[in-house]
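To start, the structure itself, in structure tokens.
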Amino acid sequence: MSGDRVKGDRLAPDARRLCEAMAAGFPGPGDVAALRAVVAAGSERPGVRGPEVASVRDSVASGVPVRVYDPAPGERGRVLVVYLHGGGWVMGGLDTHDALCRELAAASGAVVVSAGYRLAPEHPWPAAADDALAVLLWARAGADGLGCDAGRVVVAGDSSGGNLAAVTALRAPQLVAGQLLVYPPLDASMGSESVAAYGRGYFHTAAHMAWYWDQYGGDPAHPHVSPLRAPDLSGLPRTLIVLADCDLLRDEGLEYARRLGEAGVDCEVRLHPGAFHGFLGLPLPAAAAARAG
């Protein structure tokens, strides 16, 4: 791992140590079962459980498994967050992002609906995107019963889940009040400068990302695969994009923010220096700052 480091490493020292430790135990691209096993095991480590939430229950939304986090049952008119987990569209699920969703619900006071969408390669595009939209429609239709305002529904996600959140907002902008995109992959062409700068030595590699795109499938030029290729971004909801500076996906997020701004969309970018892809759920100061914000 150290031999792959880019000269002039910009990772914070604590992030570099954690990055190398994670990369040492992470399988290379190609073995779906090994990748899924490592990610699942990570969610079971001692100390990764999130805060207590008053009500956590599993349900099914139009055939899609979901987990509903309600920090204050009985309250009304709250924000409703549809959360889409990361994992390159091939791994992850309700359990791997349980701690993060607990923290999001506890910190925001919002009801969080985490979606267990179908995974590739068994279920290639558009399965995950269709599941994400189905959960949004289910959540919005049942918002009142969840103590939420149907006009205050937000789609959110990290990494590939950020892609799915962006795609869902593109497909149903009139149903979404906001979108939170955390280091999302937005263009399957992977042609940005940050891919060259951070594609090796920063845990999430260009080789992994290219393989994830291949497993996911779909036409790379289609905006519901690559949201950055959408010809018109006007009419999208208020947007917050959270990025890691030392991430091969950084420039895609910055370009999407630029285009959203030019289209008249209220968009804010929070770029975290010294951090790498996947930092949001890690024991790092940048992660704590991002979650608090």
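Worth pointing out:
- Residue count for segment 181-219, restricted to those that are more than 25 Å from ARG10 (Cα to Cα) and not hydroxyl-bearing (Ser, Thr, Tyr): 8
- Candidate set from segment 73-106 (those that are open to solvent by 20 Å² or more (accessible area, probe 1.4 Å), among the hydrophobic types (A, V, I, L, M, F, W, C) and touching a residue at least 40 places away in the same chain (Cβ under 8 Å)); member that is nearest to TRP213 (Cα to Cα): LEU100
- Some residue of segment 244-255 being part of a strand (DSSP E or B), touching a residue at least 24 places away in the same chain (Cβ under 8 Å) and within 25 Å of ALA172 (Cβ to Cβ): no
- Pairs with Cβ under 6 Å, 6+ apart, first in segment 166-189 and free of Cβ contacts under 8 Å to residues at least 60 places away in the same chain, second open to solvent by less than 10 Å² (accessible area, probe 1.4 Å) and not β-branched (Val, Ile, Thr): ALA188/SER226
- Residues within segment 13-64 that are under 27 Å from LEU136 (Cβ atoms), open to solvent by 50 Å² or more (accessible area, probe 1.4 Å) and without any contact (Cβ under 8 Å) to a residue 40 or more places away in the chain, tallied: 4
- Restricted to segment 21-50, and to residues there that are at pLDDT 90 or above and of a type in the set (D, E, K, R), the residue that is farthest from ALA288 (Cα to Cα) is ASP31.
- Sole exception among (1) of a type outside the set (A, V, I, L, M, F, W, C); (2) touching an Asp or Glu at 6+ places or on another chain (Cβ under 9 Å); (3) open to solvent by 70 Å² or more (accessible area, probe 1.4 Å) for ARG67, by number: (3)
Listed here are the residues, each with its yes/no results for (1) over 24 Å from VAL81 (Cα atoms); (2) buried (at least 23 other Cβ atoms within 10 Å of the Cβ).
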{"position": "ALA207", "(1), (2)": "yes, no"}
{"position": "PRO223", "(1), (2)": "no, no"}
{"position": "ARG229", "(1), (2)": "yes, no"}
{"position": "LEU243", "(1), (2)": "no, yes"}
{"position": "GLU252", "(1), (2)": "no, yes"}
{"position": "TYR256", "(1), (2)": "no, yes"}
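- Of all residues making up segment 107-136, the number that are over 19 Å from the mean Cα position of the chain (by Cα) and either in contact (Cβ under 8 Å) with a residue 40 or more places away in the chain or buried (at least 19 other Cβ atoms within 10 Å of the Cβ) (or both): 0
- All conditions but one from (1) touching a Cys at 6+ places or on another chain (Cβ under 9 Å); (2) open to solvent by less than 40 Å² (accessible area, probe 1.4 Å); (3) closer than 30 Å to ALA141 by Cα apply to PRO237; the one that does not is (1).
- Test: ALA287 is within 18 Å of the chain's Cα centre (by Cα), aliphatic (A, V, I, L, M) and open to solvent by 10 Å² or more (accessible area, probe 1.4 Å): no
- Any pair with Cβ under 6 angstrom, 6 or more apart, that starts in segment 210-228 at a residue that is at positive phi and ends at one that is at pLDDT 95 or above: GLY217/PRO124; GLY217/TRP125; GLY218/TRP125; GLY218/VAL225
- Verdict on VAL269 being in contact with a Lys or Arg (Cβ under 6 Å, 6 or more places away or on another chain) and under 29 Å from PRO126 (Cβ atoms): no
- Of the residues making up segment 211-221, those that are surrounded by fewer than 21 Cβ atoms within 10 Å (Cβ to Cβ) and touching a Gly at 6+ places or on another chain (Cβ under 9 Å) are TRP211, GLN215.
- Residues in segment 163-192 that are open to solvent by 30 Å² or more (accessible area, probe 1.4 Å), of a type outside the set (A, V, I, L, M, F, W, C) and under 15 Å from ALA115 (Cβ atoms): ARG171 alone.
The values are calculated or read from the model by the stated rules, or taken from the named source; none is laboratory data. The shown structure was predicted, so the numbers you read here are calculated from the model rather than taken from an experiment. A quick note on method: Cβ atoms are made from the backbone with ideal geometry, for glycine too, and the neighbour counts reach across all protein chains shown. Side chains included, ligands, DNA and RNA excluded: accessible areas come from the protein's heavy atoms. Shrake-Rupley method; radii C 1.70, N 1.55, O 1.52, S 1.80 Å.
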